[in-house]
Amino acid sequence: MARNRSIFAFLLLVTILALPACTKSDQEVLPYDVIVHEEKMFEDAGMDARGIFPGQFGAEYGRMLQIGKKRLLAVYTIYDNNGYTNDDHGGTKLQLSESRDDGKTWNAISTVADPGRDLDNGQLIELPNGDLLMACRSVRWQESYRLYVYKSTDKGVTWSRLSTIDENNGEPGSLGYPDKGVYEPHMGFLKDGRLAVFYANEKHVTEEPSYSQIISEKISEDNGATWGKEIFAAWDPDNPGARPGMPVWTQMNNGRYILTFEVCGTDNCNIHYKVSEDAVDWNSGVGTLIPDQLGGPFITSMTDGTLVVVSNSSHLSVSKDYGQTWQTASKDPWPTSLWTSVYTFGKNKIGVMNSVERSGGGHDIRIYFMELPTSFTDDSSIN
């Protein structure tokens, strides 16, 4: 009997030792940052149509989509050629990388190009059937502006063009002075399941009344295959020089929708927001200021309803009352920011994607994972 007990005790010990140990080192320690993509520098043939040196560009304008458990997909803009002014097939491209470990490591899986044009402003959404859509802009500067939607049926590995949201085409130079383009599409779903997209629109600048730029909206009844008539979402009827742009929107926990955007031209690209019951009907005007934010906003809604906003100011703002009041975090996610975006990873964890400056010029795409701030610049705290 004693021998049997000894054998049992030995086997129990072996089993316990074989179990994974639960130590502090196994727990995620925040904050930390992760490299999504580093585009190699190269010797280019000179400036492109915008005065940019392609070889120093790197990667910019990262946007992300969470697909199922632990799988993330990111889209960002790269330059791996001399541009369409020096290469008939050149232009910026959209590259997609995926992570299968909740953002800790990334691998490029596909690249989308429109030869002879600049692709940029990529944004992703997943349809109810699991297919993916990617909205973006395709540009020949001062000549042709198009907002495309691409579709993937294999989780982002291959893409085909599905539709055009809006466009403006002309002869070389005819769409400049003033510019008459369309930019920065951002898609989402309405309460009734229809797909909507908001974007910056300069096409009304030569009309009467004239608007230098507005935020336009269109709705699709067929998951992005076709698009309905234009809806004005943010515009200033009293000042045609106002330039609301860079729209990002989300549904709040109270069921209403919040639209964030920059207002250049008349308000130094400060960030404003508007609220709508259904994201279809919008009051005129350019909404309400969000303090301490500047240029290129992005907003997300946490599981508890907290709103989080980032922008090119590098600051992070939080609202606990659906935008009625805002507090600025005492610590910035990044020392400098360009086209940042922010995402929810559980109750109190967020990820801030950024185009991070690199030595030698240009940017890399990185994500900073952190806890939701509780300390703010006015020395107050919230729980």
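The values are calculated or read from the model by the stated rules, or taken from the named source; none is laboratory data. Since we're looking at a predicted model, the values are computed, not measured. Note: ideal-geometry Cβ built from the backbone for every residue, glycine included; neighbour counts use all protein chains shown.
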Item to check | segment 283-294, subset surrounded by 20 or more Cβ atoms within 10 Å (Cβ to Cβ) and of a type outside the set (S, T, N, Q), residue farthest from PHE345 (Cα to Cα) | outcome: VAL286
Checklist entry - Of the residues that sit in segment 38-51 and are closer than 12 Å to ASN86 by Cβ and aliphatic (A, V, I, L, M), which one is surrounded by the most Cβ atoms within 10 Å (Cβ to Cβ)? => result ALA49
Checklist entry - Pick from segment 333-350 the residues that are part of a strand (DSSP E or B) and of a type in the set (Val, Ile, Thr): which of them is surrounded by the fewest Cβ atoms within 10 Å (Cβ to Cβ)? => result THR344
Checklist entry - Is segment 275-297 home to any residue that is within 24 Å of LEU195 (Cβ to Cβ), assigned to a strand (DSSP E or B) and more than 18 Å from the chain's Cα centre (by Cα)? => result yes
Item to check | Selection within segment 138-186 - among the small types (Gly, Ala, Ser), surrounded by 20 or more Cβ atoms within 10 Å (Cβ to Cβ) and closer than 26 Å to GLY51 by Cα | outcome: SER138, GLY181
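Where residues in segment 255-274 are outside any strand (DSSP E or B) and among the polar types (S, T, N, Q), which of them is nearest to ASN201 (Cα to Cα)? Spell out the reasoning first.
Initially, segment 255-274 is screened for residues outside any strand (DSSP E or B), giving 255-256, 265-269.
Narrowing the set further to residues that are among the polar types (S, T, N, Q) leaves 266, 268.
Details: THR266: 16, ASN268: 18 Å.
Looking at the filtered set, the residue picked out is THR266.
Looking for whichever is crowded, with 16+ Cβ neighbours inside 10 Å, over 27 Å from PRO178 (Cα atoms) and not acidic (Asp, Glu) here; the options are ASN254, ASN270, ASN223. Which one fits?
Numbers: ASN254 fails: crowded, with 16+ Cβ neighbours inside 10 Å; ASN270 fails: over 27 Å from PRO178 (Cα atoms).
Criteria check complete, one pass: ASN223.
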Checklist entry - Among SER301, SER319, SER276, which is the only one that is modelled with pLDDT of 95 or more, surrounded by fewer than 24 Cβ atoms within 10 Å (Cβ to Cβ), closer than 25 Å to SER212 by Cα and polar (S, T, N, Q)? => result SER276
Next on the checklist: The conditions are (1) closer than 18 Å to LEU65 by Cβ; (2) assigned to a strand (DSSP E or B), and THR158 fails exactly one of them. Which is it?
Outcome noted: (2)
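Quick one: how many residues across segment 106-135 are in a strand (DSSP E or B) and not charged (D, E, K, R)? Steps first, answer last, please.
Of the residues in segment 106-135, the ones in a strand (DSSP E or B) are 107-112, 118-126, 132-135.
Adding the requirement that they be not charged (D, E, K, R) leaves 107-112, 119, 121-125, 132-135.
Counting residues in segment 106-135 that are in a strand (DSSP E or B) and not charged (D, E, K, R) gives 16.
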Next on the checklist: Would you confirm whether or not segment 196-206 contains a residue that is more than 23 Å from the chain's Cα centre (by Cα), surrounded by fewer than 16 Cβ atoms within 10 Å (Cβ to Cβ) and at pLDDT 95 or above?
Outcome noted: yes
Checklist entry - Among the residues of segment 237-265, which ones are under 17 Å from ASP292 (Cα atoms) and either of a type in the set (Ser, Thr, Tyr) or free of Cβ contacts under 8 Å to residues at least 12 places away in the same chain (or both)? => result THR260
